[in-house]
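Visitor: Attaching a single structure in structure tokens format; questions to follow.
The values are calculated or read from the model by the stated rules, or taken from the named source; none is laboratory data. Every value quoted in this text rests on a predicted model; they were computed, and no experiment measured them. When we count neighbours, we look across all protein chains shown, and the Cβ atoms used for this are built from the backbone with ideal geometry, even at glycine. Side chains are part of the model used for accessible areas, which takes the heavy atoms of the whole protein and leaves out ligands, DNA and RNA. Shrake-Rupley method; radii C 1.70, N 1.55, O 1.52, S 1.80 Å.
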Amino acid sequence: MRHALLLLAALAAVTALAFRLASTGGMVEIEVGETWVGLSFPVAVVGLALGFLALHAALNGLAWLAGIPARRRAARAARRRAEGDMAVTRALVALAAGTPDSARLEARRARALLGDTPQTLLLAAEAERLAGREEGASLAFKALAERPDARFLGLRGLLRQAMQREDWAAARRLAEEAEAVQPGAAWLREERRVLALRMRDWREALALAPVDAPRAALSLAAAGQETDAARAAELEKQAFIADPGFAPAALAHARRLAEGGSARRARAVLEQAWLAAPHPDLGQAWIAGVADPLARVKAVEDLIHRNPDHPESRLLMARVALDAGLTGRARTELEALAGSAAADRRAFLLLAELEEVEHGDTAEGRAAQARWLRAAANAQGAPRWRCAACGAEHAAWKPDCAACGAVGRIIWSAPGAVPARA
Ligand SMILES: [Zn+2]
């Protein structure tokens with residue numbers, strides 16, 4: 001409505017101007033050499049306006065003609081982009097559906113249409129991987145890694161490939177490069193942790209360990225790899241603090257304290273560990289420096305006074321009592337143990353030994369001995385260091401299982417079989 005009113009006003013103004021010019025009159029004369037042109041003033045004004053309009057139209061037409069190639073190029077590019085986007089979508093669908101041939105085809109098409117962008121390179125790499133063509137994937141990941149805007153993506157792909165083919169040295173190098181590009185990425189942290197475990201780099205594994213990791217085992221393992229004595233001592237202490245019931249850590253920590261002249265603190269560590277989880281090695285360390293058999297009995301009394309009924313406490317006391325000739329004391333401990341469900345083969349073997357010490361080579365002694373030996377044969381075996389993952393037995397604690405490679409799974413445990421009792 002406003003436009004119509006404006007147009008009407010403009011027309012009225014032009015008409016008024018035309019009437020005004022027509023009524024003004026006058027001549028425009030142009031003389032070039034011998035040629036003379038004379039025009040009335042209104043005709044000259046109208047001619048000039050028409051000439052201007054014609055020139056304007058001609059220039060516009062020329063510009064339109066000159067723009068044809070550029071417009072064609074833009075249209076073609078838009079079409080390629082649209083087709084490329086569709087190829088990207090189809091490649092994603094093929095990847096999700098797990099159809100490698102069409103994923104590769106569409107990824108190649110997308111790359112041809114859109115060029116090497118981070119998206120098309122990543123699609124190409126994933127499609128190659130899906131098709132089992134690791135070399136093709138490698139090339140695409142390397143191309144990605146060379147782009148500053150997608151370096152992390154490329155390194156991530158190459159790292160995954162290196163870990164898959166168990167090339168740990170290359171994986172570590174790639175992880176370091178990726179860490180430099182994107183420090184603290186959660187995914188990378190997990191990969192580095194797995195890598196550290198695979199490379200048996202316990203210090204790194206400990207540094208990257210999640211909260212639920214076996215920290216005592218990792219700390220002790222790291223201490224074993226540490227060349228600096230002070231740092232090793234600190235790691236052993238950390239292992240003991242993380243799990244006072246983890247005998248190897250307590251033993252290592254106590255040994256280090258004793259070597260440093262803190263015998264009293266070393267004994268406190270052994271005592272605390274015995275209270276947390278009695279282990280034969282702790283008992284042996286406790287009496288190691290005591291030569292006199294009766295003094296050993298006294299020393300063991302000191303060690304076990306807070307958990308005297310524990311099977312390991314009874315076994316240790318029976319052993320030192322028997323060595324000191326205190327057969328009555330030994331029998332009290334062993335019969336109490338044999339009467340409980342917790343007795344294992346060691347208790348019955350000690351009882352057989354006790355009968356021999358008490359009765360010597362007599363018919364009564366032999367009969368009693370035979371009875372305990374039969375019970376020992378039927379009892380469950382002694383606890384050992386066992387891999388909780390594969391069940392393999394180990395003579396001593398180790399950070400990883402040589403049989404199955406599991407890390408932090410070797411634990412002190414009784415055989416799983418239900419014992420048959422005498
Ligand atoms: Zn194992």
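Visitor: Farthest toward the dipole's positive end in the chain, which of A258, W187, H310, given Cβ charges of +1 (Lys, Arg) and -1 (Asp, Glu) about the Cα centre?
Guide: Looking along the dipole axis, the top candidate is W187.
Visitor: While we're here: Along region 196-206, what does the Karplus equation 6.51 cos²θ - 1.76 cosθ + 1.60 (θ = phi - 60°) give for ³J(HN,Hα), rounded to whole Hz, x for Gly and Pro?
Guide: Coupling constants for region 196-206: 4, 5, 5, 8, 6, 8, 5, 5, 5, 4, 5 Hz.
Visitor: Please label the shape of the chain as rounded, prolate or oblate, based on the square roots a ≥ b ≥ c of the eigenvalues of the alpha-carbon gyration tensor (a/c under 1.5 means rounded; beyond that, a/b larger than b/c means prolate, else oblate).
Guide: Working: a/c = 5.15, a/b = 4.06, b/c = 1.27.
It comes out prolate by the Cα gyration axes.
Visitor: Okay, helix-only estimate at 222 nm for the chain: each DSSP H run of n ≥ 4 adds -39500 (n - 2.57), divide by all residues, round to 500 deg cm²/dmol; what do you get?
Guide: On the way: 20 runs with 294 residues, N = 422.
Taking each H run of at least 4 residues, the total per residue is -22500 deg cm²/dmol.
Visitor: Which listed residue (P278, A96, A207) has the Cα farthest towards the positive end of the charge dipole for the chain, taking +1 on Lys and Arg C-beta and -1 on Asp and Glu C-beta about the Cα centre?
Guide: So the residue we want is A96.
Visitor: Compute the separation of the alpha-carbon centres of region 82-109 and region 319-371 and state it in Å as a whole number.
Guide: After rounding, the separation between the Cα centres reads 77 Å.
Visitor: Roughly what angle does helix 215-225 make with the longest principal axis of the chain, taking Cα atoms, 0 to 90 degrees, to the nearest 10?
Guide: 90
Visitor: How far is the Cα center of region 137-193 from the Cα center of region 204-248, in Å?
Guide: 28
Visitor: Ok, one more. Over the chain, what is the relative contact order in percent, taking alpha-carbon pairs closer than 8 angstrom and at least six residues apart?
Guide: That works out to 5 percent.
Visitor: What figure, in Å² to the nearest 10, do you get for the accessible area of T35 with a 1.4 Å probe and non-protein molecules left out?
Guide: Probe radius 1.4 Å; accessible area of T35 about 90 Å².
Visitor: Spelling out what I want: for every residue of region 302-314, take phi, set θ = phi - 60°, compute 6.51 cos²θ - 1.76 cosθ + 1.60 (Karplus), and round to whole Hz; glycine and proline get x.
Guide: 4, 5, 9, 5, 9, 9, x, 8, 5, x, 5, 5, 5
Visitor: Then there is this: State to the nearest 20 debye the size of the charge dipole of the chain about its Cα centre, where the only charges are +1 on K and R beta carbons and -1 on D and E beta carbons. Mind dumping the intermediate values first?
Guide: Details: 55 positive and 49 negative charges, 241 e Å.
Approximately 1160 debye in magnitude.
Visitor: Might you report the magnitude of the Cβ-based charge dipole of region 135-233 about its Cα centre, with Lys and Arg at +1 and Asp and Glu at -1, to the nearest 20 debye? Present the calculation step by step, with values, prior to reporting the outcome.
Guide: Values: 16 positive and 15 negative charges, 17 e Å.
Magnitude of the dipole: close to 80 debye.
Visitor: Then there is this: In vacuo Debye scattering of region 1-103, one point per C-alpha: log10 I(q)/I(0) at q = 0.10, 0.21, 0.23 Å⁻¹?
Guide: After summing over all Cα pairs, the log10 values are -0.65, -1.10, -1.15.
Visitor: Spelling out what I want: for every residue of region 318-325, take phi, set θ = phi - 60°, compute 6.51 cos²θ - 1.76 cosθ + 1.60 (Karplus), and round to whole Hz; glycine and proline get x.
Guide: Using θ = phi - 60°, the values come out as 4, 4, 6, 5, 4, 4, 8, x Hz.
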